[in-house]
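Notes to accompany the following structure.
The values are calculated or read from the model by the stated rules, or taken from the named source; none is laboratory data. Worth saying up front: this structure is predicted, and the values here are computed from it rather than measured. All Cβ positions, even for glycine, are placed from backbone atoms using ideal geometry, and neighbour counts span all protein chains on display. For the accessible areas, the whole protein counts, side chains as well, though only heavy atoms, and no ligand, DNA or RNA atoms are used. Shrake-Rupley method; radii C 1.70, N 1.55, O 1.52, S 1.80 Å.
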Amino acid sequence: MEQRHLGRTGLRVSRIGLGTLTWGRDTDEHDAADLLKTFWEAGGSLVDTADVYGDGEAEYLLGRLIEGLVPRRDLVISTKAGSVPDPDRRFDGSRGHLLGALDASLARLGTDHVDVWHIHAWDPYTPLDETLHALDLAVSSGRARYAGVSNFCGWQLAKAATWQLAGPGTRTRLASTQLEYSLLQRGVEREVLPAALDLGIGLLPSSPLGRGVLTGKYRNSTPPDSRGASEHLAPFVAPYLDDTASRIVDAVQTAADGLAVTPLQVALAWVRDRPGVTAPVIGPRNAQQLTAALSVEDLSLPDEICRALDDVSAPVHRYPDHDWSTL
């Protein structure tokens with residue numbers, strides 16, 4: 001699998017990442033082992049997790065597998081901290097919470113460091129410089145090799161990255177940002193992507209297949225074994241089952257038919273090769289789904305197909321996101 005630099009750093013990662021959102025809950029140890037081994041054998045290196053995935057079970061499971069199944073040195077492990085199970089405060093970006101969460105993640109993973117450590121989301125109740133100081137301490141102590149953020153909007157990303165570049169003392173440059181990005185969700189193109197490109201930050205898109213909808217599996221009904229039919233993830237899939245999404249899915253299917261490939265391959269290739277993207281993070285349920293996704297490695301979409309998909313899925317971006325003189 002082709003490797004790409006993560007933002008403006010020397011770290012190279014596979015251009016497809018393996019996500020572990022459902023590990024330890026909907027994905028058992030047997031399926032997780034098959035997924036990780038298949039991914040590794042295909043040349044994949046970037047494995048993404050978080051301290052709250054599976055209530056911590058995802059990190060436990062990944063830790064057990066990298067101990068006996070796949071060499072730790074062959075993986076780029078990314079995890080996140082900051083989400084908390086508190087209905088009154090969903091995110092805690094305080095230095096104490098973040099560093100404690102990192103230590104707990106390392107214990108679950110069974111490793112002395114993670115390769116990329118992300119702040120899971122913006123915390124409006126903690127001063128930003130305190131949150132970012134936790135990143136600096138994590139990297140300077142060797143517990144994390146690189147640092148990034150997740151779910152930051154454009155101004156939040158720009159503010160955090162600029163502080164790290166210009167703030168006093170030794171600061172850790174932001175290497176990456178992780179947000180949802182697909183043909184069904186192109187909101188990052190308004191401000192996040194321009195900021196990331198300007199600041200040299202690599203984008204790691206989550207849900208690059210539109211929460212599974214872009215595969216076409218929901219065109220006629222909801223398969224009983226799909227996430228759209230599961231207790232935990234049905235509400236996650238539901239917003240993308242509207243008429244707007246249906247038109248985009250139909251266009252992806254048309255493109256796939258013309259290229260003699262699958263809708264999954266078309267949707268994944270589109271987001272993988274967007275400007276500023278380092279590696280989409282996919283979350284297959286089993287090795288068969290993963291193998292189907294990894295088959296995109298040899299596919300590059302023709303320019304005319306990309307333009308057609310851009311047109312049918314284009315969000316409304318006007319003032320001030322575009323040059324006002326063209327309006």
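Brief remarks on what is shown
- The C-beta contact set for the stretch 314-327 (first residue at pLDDT below 60, second residue among the hydroxyl-bearing types (Ser, Thr, Tyr), distance under 7 angstrom, 6+ apart or interchain) comprises Leu327/Tyr319.
- Tally, over the stretch 151-171, of residues that are modelled with pLDDT under 95 and open to solvent by less than 30 Å² (accessible area, probe 1.4 Å): 1
- Among the criteria (1) surrounded by fewer than 18 Cβ atoms within 10 Å (Cβ to Cβ); (2) within 20 Å of Gly10 (Cβ to Cβ), the one Val116 does not fulfil is (1).
- Here the condition is being modelled with pLDDT of 95 or more and buried (at least 22 other Cβ atoms within 10 Å of the Cβ); of Thr27, Thr20, Thr9, Thr38, it holds for Thr20 alone.
- Among the residues listed as Ser141, Ser94, the single one being open to solvent by 10 Å² or more (accessible area, probe 1.4 Å), among the polar types (S, T, N, Q) and under 30 Å from Pro71 (Cα atoms): Ser141
- Picking from residues in the stretch 172-189 that are β-branched (Val, Ile, Thr) and within 18 Å of Ser78 (Cα to Cα), the one that is least open to solvent (accessible area, probe 1.4 Å) is Thr177.
- Contact annotation: residue pairs with Cβ atoms under 8 Å, 6 or more positions apart or on different chains, pairing a residue in the stretch 80-95 that is in contact (Cβ under 8 Å) with a residue 40 or more places away in the chain and on the phi > 0 side of the Ramachandran plot with a partner that is among the hydrophobic types (A, V, I, L, M, F, W, C) and surrounded by 13 or more Cβ atoms within 10 Å (Cβ to Cβ), are Gly82/Phe91; Gly82/Leu98; Gly82/Ala101; Gly82/Ile119; Gly82/Ala121.
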